[in-house]
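The values are calculated or read from the model by the stated rules, or taken from the named source; none is laboratory data. It should be emphasised that the depicted structure is a prediction, and the values quoted were computed from it without experimental measurement. Cβ placement follows ideal geometry from the backbone for every residue including glycine, while neighbour counts extend to all protein chains displayed.
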Amino acid sequence: MTRKDDYFISLRGGSQRLVQIPKQSTLRNLKPKLSTSTLITPPPPPPAKPRVTSYAHDDLVRTHLKKPKITTKQLQQYIRWLNNLEIWPKIITIESYHIELRNGVFLSHLLHNFVPEYLMGLVNRKAQSVRTTESNLQLILQCLSRFNLNVRKIPSAQQLWDGDRTMIAIFIQEIFIKVVLRPLPHKLVWTWCQEILSIYYQANPNQKMDFTTNDGIAHGYYEYFRSSIRMWCLMHYYYYDSTKHEIFAANSVYMNPMEPSQYLSNAQRVCLLLKVLKIPLVWEPDWIVSSKSDAFMQLQLYHIYEKLHTMTKALKTDENDKIYLSKTDDGKVCVEGLIFTDGECKEQALTWQNIIPEAINDENSECTEFFEPEEVLDEVPTITQAPIYKEKPMKLADSSAWNDEYTQMKQRIAMEEAKIMKIEESVVITS
């Protein structure tokens, strides 16, 4: 039953009609009971997640604020690395690299080699102008966006087409570090190396590697493997048998090299072994001794790991073998019967000493130059030949003779550069 108060008379349109009034809730019904109500507070925000990686201030300054630069020795090594990939029908040289890379087609092949999902079908392979070069560069940068490249090290399409040698070289360096080197399992490789080197008494337990640097380079890698004896041990563990005694030639390898010629002899032997075992080689023997590069040492160790880690070790526990594995009283596995030029393979305090003069740090060098030597180095010897450089033993106390020998070694390095590069003195990569 309805009441009159529930209706009102509407005169709209010139006629009278009753319109029902909608029912409304009273304020008494809407008013909350404060005595029984509870205060609802929003939940606190979740705690901020800690940064997975924190970079040191000096590390960020070095990688982001300092002016990009590249040395001649570094460029020479990058060109050797590019040629080893065999992705281009022509041989890249220090004279022609900026011409071969100017339209972006070579860079596209380089990127496709390490990022297979990069679509080569969209690349203009006949780019002959700035506009077509820019379209190729845009495709490259779209793919590289996931790798967090430093924009200051990326050339413009105009710089690329004009063949800006410095910017192109720095761009290659950035791709090498961010696309090639950073994703590699460096911690796994380091652990694998240390386990094998401990068998040969070459694993320094005090050596620690920092793999959290902003540029992905573990500084200290080069110095640790610079003597080449540790790389020799890794290959010996997996490949040695009685038929390969002359190939490994332990009697010409120094366990504790103390002179530049001994370091160089080890480097020559290791480079030859890498070639024989068909492991990619990113060094020349002289470069291992004199040109510091943690990045390329990491890459070389990864190539060795990639080739060997799935193989079965060659050394056995049979004591009838000339060189075999044994266990000490505390359960440690070690090699027996291995004799180097400077003595039997065993643990010595001298193992952790570094007496050779400091190498040139190409990664932090400010200057770049080419040398003009008077004569050329002889060719690298084969496996059956003795090392090129046979120096008479000298006492370390004779500092003048030591410096003279080191100077001679540097001159030899200069001579080899001239033979490999064959370039005029005026062609210089400047920072």
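When the residues of region 87-97 are filtered to those that are surrounded by fewer than 18 Cβ atoms within 10 Å (Cβ to Cβ) and in contact (Cβ under 8 Å) with a residue 12 or more places away in the chain, which remaining residue is nearest to F176 (Cα to Cα)? Result: I87.
From the list N136, N113, N148, N84, the lone residue that is in contact with a Pro (Cβ under 7 Å, 6 or more places away or on another chain) and in contact (Cβ under 8 Å) with a residue 12 or more places away in the chain is N84. If I filter region 192-212 for residues that are over 16 Å from M297 (Cα atoms), surrounded by fewer than 17 Cβ atoms within 10 Å (Cβ to Cβ) and of a type in the set (D, E), do I get at least one hit? Within region 192-212, one or more residues are over 16 Å from M297 (Cα atoms), surrounded by fewer than 17 Cβ atoms within 10 Å (Cβ to Cβ) and of a type in the set (D, E).
Can you say whether M231 is in the same structural domain as E344 (by TED's automatic domain parsing), in contact with a strand residue (DSSP E or B) (Cβ under 8 Å, 6 or more places away or on another chain) and crowded, with 24+ Cβ neighbours inside 10 Å, as far as the supplied structure shows? Judged against the criteria, M231 is not a match.
Per-residue answers, yes or no, for (1) in contact with a helix residue (DSSP H, G or I) (Cβ under 6 Å, 6 or more places away or on another chain); (2) closer than 19 Å to F340 by Cβ:
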site	(1), (2)
Y238	yes, yes
I247	no, yes
S261	no, yes
L273	yes, yes
V289	yes, yes
H303	no, no
K316	no, no
D321	no, yes
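Within region 292-311, the residues that satisfy the criterion of being closer than 19 Å to L188 by Cβ and among the hydroxyl-bearing types (S, T, Y) are Y302, Y305, T310. Restricting attention to region 170-223 and to residues that are assigned to a loop (DSSP other than H, G, I, E, B) and among the small types (G, A, S), the residue that is modelled with the lowest pLDDT turns out to be G216. For E223, are the conditions met, namely being among the acidic types (D, E), surrounded by fewer than 21 Cβ atoms within 10 Å (Cβ to Cβ) and under 21 Å from E347 (Cα atoms)? Yes: the conditions hold for E223.
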